[in-house]
Amino acid sequence: MYHKMKGTYDVLPDDIGKWQKLEKVIKNVSRLFHYQEIRTPILEHSELFHRSVGETTDIVSKETYDFVDRGKRANTLRPEGTAGVVRSYVENKLYAQAIGVDKYYYMGPMFRYERPQKGRYRQFQQFGAEAFGSNSPMLDADVIAYAVAILRALKIKDVTVHLNSIGDDASKANYRAALLDYLKPHVGDLCHDCQTRYQTNPLRILDCKIDGGGPILSNAPKPLDYLSDAAKAHFDELTGYLDAMKIDYEIDKNLVRGLDYYTDTVFEVKAHLETLGAQNTILGGGRYNHLVADLGGPDVPGVGFAFGLERLMFALESINFQGDPDYLHLYLMILGDAQKQDGMAMLNRCRMGGLLADVDFLDKNMKGKWKQVEAAGARFVAIYGANEKEAGTVNIKDQQSGEEKTIPKHQLYNHIVAELMKPADSCDSCGADSCEDCEE
Ligand code: HAM
């Protein structure tokens, strides 16, 4: 017996309906916001994540699944989706075909070697979106509105959008100097990693899992207080759009995000639901105006976000979110070996015509067969045995009304389709929606 790897999980058939429904809702909202799906590989060259997410981030320095392949190349299982989408955007020169803003979404597994707990996995699913080609705060607002629309479509209510700006290049340089100044007398009190980060990437000290929340970092200067005029105007315009769209948000001066590529806007969504546990950040995102150029493309700005789908699923538990029920139109009971060829041909014809249909493969007794009908939620049962074969008929039972009929076997498909098309409370005699003439 083998066991699944730590930090991974199986989605079993009983739960798959919820996942499919979640994905369907997200895809429908994506159409509303004019996003197109993009699918990029799970495996990328390790260098891609070092350049984009950043060498000194926790994700790259501690959490990636890296391996050297047989061709001696360094590969990484993607820890997030943005880097791969930007790589693809640049490599396929999608920017060259751009007429307006390019908007892409993706869904799929990501891998981070983290300490597993509820809502934190080593293989997890993200739904993410990336929009390229405009530095307008209107696009930041549109992206945030898109994320919020997904939550509304899913009827998840108790959430807060946390919003901040870490500024443009000029703001970041100012802020970096202020932060270094402030931290200088405290460096010795920071954790070992943060002492290195002080030299290499001081902004990353702010999202340190060890020092975070402590007094040194709580009193540190905040990026929002060091914005250049241009960055401040960008942020003010963004909040103006959000206000106009009646999208609630909280300005969170401590929010910096744990990835290096961000510029200006950063945001997260937290859900306040018991079903989530400690990992209640269901989404993170922001603007990244240099990433396309850093990965070899032209100077094209970008902005995006990613939901953690397991965390969304936990949030959905609180509102008893259900998938679409599993059901069959038809269950065929073949009685006797001599009827099997005919039966399989009937079944195949029904399926080719679009009916959801199945048959008993296990030669169960009648009790077992009826159990399968119930488990499959079949609306009609067709019974085909030796007598029916001789008469060229098939017996039909409507599981909803209990009505039984014998019909010519070649009419099986048409009969079921006609029955399924009848309005729910139509007259049994003439099929009309509501019929006083036929009523006794
Ligand atoms: P991130 O904040 O690293 O951002 O991840 C986004 C979301 O993925 C998190 O808010 C969380 O819900 C989920 N998540 C992250 N790690 C795990 C884990 N170990 N287990 C379960 N869920 C997890 C990004 O990945 C950026 N690429 C987002 C982005 C897109 N920014 C711009 N465009």
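Go through 21/155; 62/209; 62/103; 367/409 and tell me which ones have a Cα-Cα distance over 19 Å in this structure. Could you put the intermediate results ahead of the total?
Values: 21/155 13 Å; 62/209 12 Å; 62/103 31 Å; 367/409 24 Å.
From the list (21/155; 62/209; 62/103; 367/409), the Cα-Cα distance tops 19 Å for 62/103; 367/409.
With a sphere of radius 14 Å drawn around the Cβ of residue 142, what net charge do the other residues whose Cβ falls strictly inside it have (Lys, Arg +1; Asp, Glu -1)?
Charge balance in the 14 Å sphere: -2.
Order 313, 366, 110, 1 by their accessible area, 1.4 angstrom probe, all chains in place, largest first. Working shown, then result.
On the way: 313 25, 366 80, 110 0, 1 200 Å².
Output order, biggest surface exposure first: 1, 366, 313, 110.
Using Cα springs under 10 Å in a Gaussian network model of the chain, which residue among 316, 163, 180 shows the largest mean-square fluctuation?
180
For the chain, build the charge dipole from Cβ charges (+1 Lys, Arg; -1 Asp, Glu) around the Cα centre, then report which of 185, 67, 201 sits farthest towards its positive end.
Sorting the options by dipole projection puts first 67.
Ranked by accessible surface with a 1.4 Å probe, highest first, in what order do 245, 107, 421 come? Walk me through the numbers before you get to the answer.
Details: 245 85, 107 50, 421 145 Å².
Final ranking, largest accessible area leading: 421, 245, 107.
With all protein chains present, how much of the accessible area of region 288-376 (probe radius 1.4 Å) comes from carbon and sulfur, to the nearest whole percent? Numbers along the way, then the final one.
Details: 2360 of 4450 Å².
Looking at region 288-376 in its full context, I get 53 percent from C and S.
Longer than 25 Å from Cα to Cα, which of 364/422; 27/157; 369/422 are they? Say none if no pair is.
Details: 364/422 32 Å; 27/157 20 Å; 369/422 27 Å.
In this structure, 364/422; 369/422 exceed 25 Å between Cα atoms.
To the nearest 10 square angstrom, how much accessible area does residue 311 have with a 1.4 angstrom probe?
We get 40 Å² for residue 311.
What percent antiparallel are the DSSP beta bridges of region 147-286, to the nearest 5?
On the way: 12 of 14 bridges.
Looking only at bridges with both residues in region 147-286, the antiparallel portion is about 85 percent.
Count charges around residue 319 for me, please; just the other residues with Cβ under 14 Å from its Cβ, Lys/Arg as +1, Asp/Glu as -1.
Details: positive: 18, 21, 152, 155, 157; negative: 158, 274, 317.
Around residue 319, the charge tally is +2.
Per residue, how many Å² of accessible area does the chain show with a 1.4 Å probe?
On the way: 23040 Å² over 440 residues.
Per-residue value: 52 Å².
Which residue fluctuates most in the GNM of the chain (Cα springs below 10 Å): 354, 377, 128?
354
Going by alpha carbons, how many degrees (0 to 90, nearest 10) lie between the helix axis of 13-32 and the longest principal axis of the chain?
Value to nearest ten degrees: 60.
Using protein chains only and a probe of 1.4 angstrom, how many square angstrom of residue 393 are accessible, to the nearest 10?
Its heavy atoms expose roughly 30 Å² to the probe.
At 7 Å along Cα-to-Cβ for each site, give me the label-to-label distance between residue 216 and residue 344 in nm.
7.3
For region 1-43, what class follows from the C-alpha gyration tensor (a ≥ b ≥ c being the square roots of its eigenvalues): rounded when a/c is under 1.5, otherwise prolate if a/b is larger than b/c, else oblate? Intermediate results must be reported in sequence, preceding the final value.
Values: a/c = 4.28, a/b = 1.72, b/c = 2.49.
Because a/c hits 1.5 or more and a/b fails to exceed b/c, region 1-43 counts as oblate.
Rounded to a whole number, what % of the accessible area of region 19-90 do carbon and sulfur atoms account for, probe 1.4 Å? Walk me through the intermediate numbers first.
Working: 1950 of 3780 Å².
The C+S portion of the solvent-accessible surface of region 19-90 is 52 percent.
Among the aspartates and glutamates, select those whose C-alpha is under 13 Å from the C-alpha of residue 389, and discard any that sit fewer than 8 residues away in the same chain.
Straight-line reach from residue 389, under 13 Å: 337, 342.
Please give the net charge around residue 248, taking every other residue with its beta carbon less than 12 angstrom from that of residue 248, where Lys and Arg add +1 and Asp and Glu add -1.
0
Within straight cross-link reach of residue 184, meaning Cα distance under 12 Å, which aspartates and glutamates are found once same-chain residues fewer than 8 apart are removed?
Excluding near neighbours in sequence, the set is empty.
Scattering from the C-alpha atoms of region 328-434 alone, worked out with Debye: what is log10 I(q)/I(0) at q = 0.10 1/Å?
Log10 I(q)/I(0), no solvent term: -0.27.
The values are calculated or read from the model by the stated rules, or taken from the named source; none is laboratory data. Values in this document were obtained by computation on a predicted structure and should not be read as measured data. We place every Cβ from the backbone using ideal geometry, glycine too, and count neighbours over all the protein chains shown. These area figures cover heavy atoms from the full protein model, side chains too; ligands, DNA and RNA do not enter into them. Shrake-Rupley method; radii C 1.70, N 1.55, O 1.52, S 1.80 Å.
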